[in-house]
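Here the structure is laid out as structure tokens; the discussion comes afterwards.
The values are calculated or read from the model by the stated rules, or taken from the named source; none is laboratory data. Here the structure is a predicted model, which is why all the values come from computation and not from measurement. Cβ atoms come from the backbone with ideal geometry, glycine included; neighbour counts cover every protein chain shown.
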Amino acid sequence: MTTNLLPSALQDHDRMMGMLTGFWVSQIVRAAAVFNLADHLASGIDTPDAIADVESTDPDATRRLMRTCASLGLVTSTDGVHFTATSLLGTLRKDDPNSLRGMVLATGAPGHWLPWSRFPDAVRSGDQQIKAALGTFDTIFDYYAEHVDEAGLFTEGMSNLSAAAAIEAAKVIDTRDVDSALDIGGANGEVIRAMMRANPVLRGGVFDLPHVVPDALEAARNDGLQERFTAIGGDFFESIPAADLYVVKYILHDWDDESCIRILKNCRAALQEGGRIVVIDYIVGELGEPGTAPIMDMNMLVMTGGRERDITEFDALFQSAGLRRTTVSRAGAFAVIETVAI
């Protein structure tokens, strides 16, 4: 078969094929995480048959999965029988500090996957698709409250995203004069625990929905921080416990402007005199600038009704909540925006 496509057209054709099959790749990677390929290969279980035996999967399907993973750069093999993980697959190991295992499992699970199948409807209406896709639930957080297994994956996923930035955030957020810091909506407290490790006298904690509290307490115990750590269940739309420093990481993008202002006002109302509110989030750059923020903005559209924002939009939120931006620094891919009460 011959083709009259010019080289540039062929490149566009191949690029579009990569885009339109992207959701296939997402589920292949999810399967690699579900069946613990990274951990098995690290432990010496390195053949499809052996992995199939441990995971109770079909041997032939497992072999085909491994072959496909090789084409994606996740594994290598010199004989087609014994496989070795690449550093890319290492990001799916449970104990890897750069792990994205939780994110892979959470975003490929029904709670995220089904709403995304209705993405054109989100663009058409401007509304999130949780209720349309998942039935009786108004928000993804309502869904997670009744699907605790997926909620655990989501918490792990948020920890994955936080872990990459937590150490850097702890370096740039000055806590020398802070007595107590609270991570608002902080899941298992990855960021606040990094700050506590950096400052051995800082008292920290997490304020999140009640079903998240056990994960946060367990993570603090695992770090040996339980004596200085608290986890409080509640609703940040109602009220927030008092603290000297609030960390609001990866929260505001979940909500519309009115809801964000309400969260920030509640923080401001409870903030101790001279305290600070630190927002850690993506910032949308110039039009056409590549990066995660514009794509994550589409995820917010379909999943939460929230949005990613540029710095001007953040400033408008702060002003409406009675806050003033003082500094902007970086922690990995995230911006660290410090504010004080006006």
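Taken together, ALA293, ALA331, ALA270 contain a single residue that is assigned by TED's automatic domain parsing to the domain that holds ALA194 and modelled with pLDDT of 95 or more, which is ALA270. Just one residue in the set ALA331, ALA269 is buried (at least 20 other Cβ atoms within 10 Å of the Cβ) and in contact (Cβ under 8 Å) with a residue 12 or more places away in the chain; that residue is ALA331.
Looking at THR78, THR68 in this structure, which one is in the same structural domain as ASP46 (by TED's automatic domain parsing), on the phi < 0 side of the Ramachandran plot and loosely packed, with under 15 Cβ neighbours inside 10 Å? Step through it out loud before you land on a result.
On the way: THR68 fails: loosely packed, with under 15 Cβ neighbours inside 10 Å.
Answer to the selection: THR78.
Among the residues of segment 169-222, those identified as under 28 Å from ILE140 (Cβ atoms), touching a helix residue (DSSP H, G or I) at 6+ places or on another chain (Cβ under 9 Å) and among the charged types (D, E, K, R) are ASP183, GLU190, ARG193, ASP208, ASP215.
Would you check if ILE192 is in the same structural domain as ARG221 (by TED's automatic domain parsing), surrounded by 22 or more Cβ atoms within 10 Å (Cβ to Cβ) and not basic (Lys, Arg)? Yes, satisfied.
Output the helices (runs of 4 or more DSSP H) that fall wholly within segment 189-294 and possess 2 or more residues being out of contact with any Gly (no Cβ under 7 Å at 6 or more places or on another chain) and on the phi > 0 side of the Ramachandran plot, or say none.
none
THR62 meets all of the listed conditions (1) within 20 Å of ALA164 (Cβ to Cβ); (2) touching a helix residue (DSSP H, G or I) at 6+ places or on another chain (Cβ under 7 Å); (3) modelled with pLDDT of 95 or more but one, namely (1). Against the numbered list (1) without any contact (Cβ under 8 Å) to a residue 40 or more places away in the chain; (2) more than 21 Å from the chain's Cα centre (by Cα); (3) surrounded by 18 or more Cβ atoms within 10 Å (Cβ to Cβ), ILE240 comes up short only at (1).
There is no residue in segment 319-326 that is closer than 18 Å to VAL191 by Cβ and touching a residue at least 12 places away in the same chain (Cβ under 8 Å).
Screening ILE51, ILE45, ILE28 for residues that are at pLDDT 95 or above, among the β-branched types (Val, Ile, Thr) and either in the same structural domain as LEU153 (by TED's automatic domain parsing) or assigned to a loop (DSSP other than H, G, I, E, B) (or both) leaves exactly one candidate, ILE45.
Of all helices (runs of 4 or more DSSP H) completely enclosed by segment 91-170, which ones contain at least 1 residues that are under 11 Å from the mean Cα position of the chain (by Cα), of a type in the set (Val, Ile, Thr) and crowded, with 18+ Cβ neighbours inside 10 Å? Steps first, answer last, please.
Values: elements: 101-108, 110-116, 119-125, 130-134, 140-146.
In segment 91-170, 101-108 are the helices (runs of 4 or more DSSP H) which contain 1 or more residues that are under 11 Å from the mean Cα position of the chain (by Cα), of a type in the set (Val, Ile, Thr) and crowded, with 18+ Cβ neighbours inside 10 Å.
Might you check whether a residue that is over 20 Å from the mean Cα position of the chain (by Cα) and surrounded by fewer than 16 Cβ atoms within 10 Å (Cβ to Cβ) occurs anywhere in segment 209-218? Explain how you work it out, then say what you get.
Start the filter on segment 209-218 by keeping residues that are over 20 Å from the mean Cα position of the chain (by Cα), which leaves none.
So far as segment 209-218 goes, no, none of its residues is over 20 Å from the mean Cα position of the chain (by Cα) and surrounded by fewer than 16 Cβ atoms within 10 Å (Cβ to Cβ).
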